[in-house]
Amino acid sequence: MMPGNRAALSLVPDEPDQVPRLERFHTAHPEVVVLLKGPLPTAWVGGRKIVRQTLRVLLDDLEEMFPPDAGAARS
């Protein structure tokens, strides 16, 4: 997903406030694939499939796996 891509808004009608959060996460972690099509938000981390009820919960879990300051510690 590209930053500013408003097409995602139609995919998360109950959580439009999560789109900027998803864009920030994707910018920081382009290796993580997040799909919003289908009944539930889904992510792939490595070979692991992660499915959650809402985008908010999925992002919460992904941010636990990839803390915001973890990238700074690696650089």
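Of note:
- Computed FRET value (nearest 0.05) for F66 with D14, which takes r as the C-beta separation and R₀ as 30 Å: 0.80
- Proximal charge balance of P30 [Cβ under 14 Å; K/R count +1, D/E count -1]: -1
Values quoted throughout were computed directly from the atomic coordinates according to the rules given, and no laboratory measurement underlies them. Computed from a prediction, not measured in an experiment: that's the story for all the values here. Positions of Cβ are backbone-derived with ideal geometry, glycine not excepted, and every protein chain shown enters the neighbour counts.
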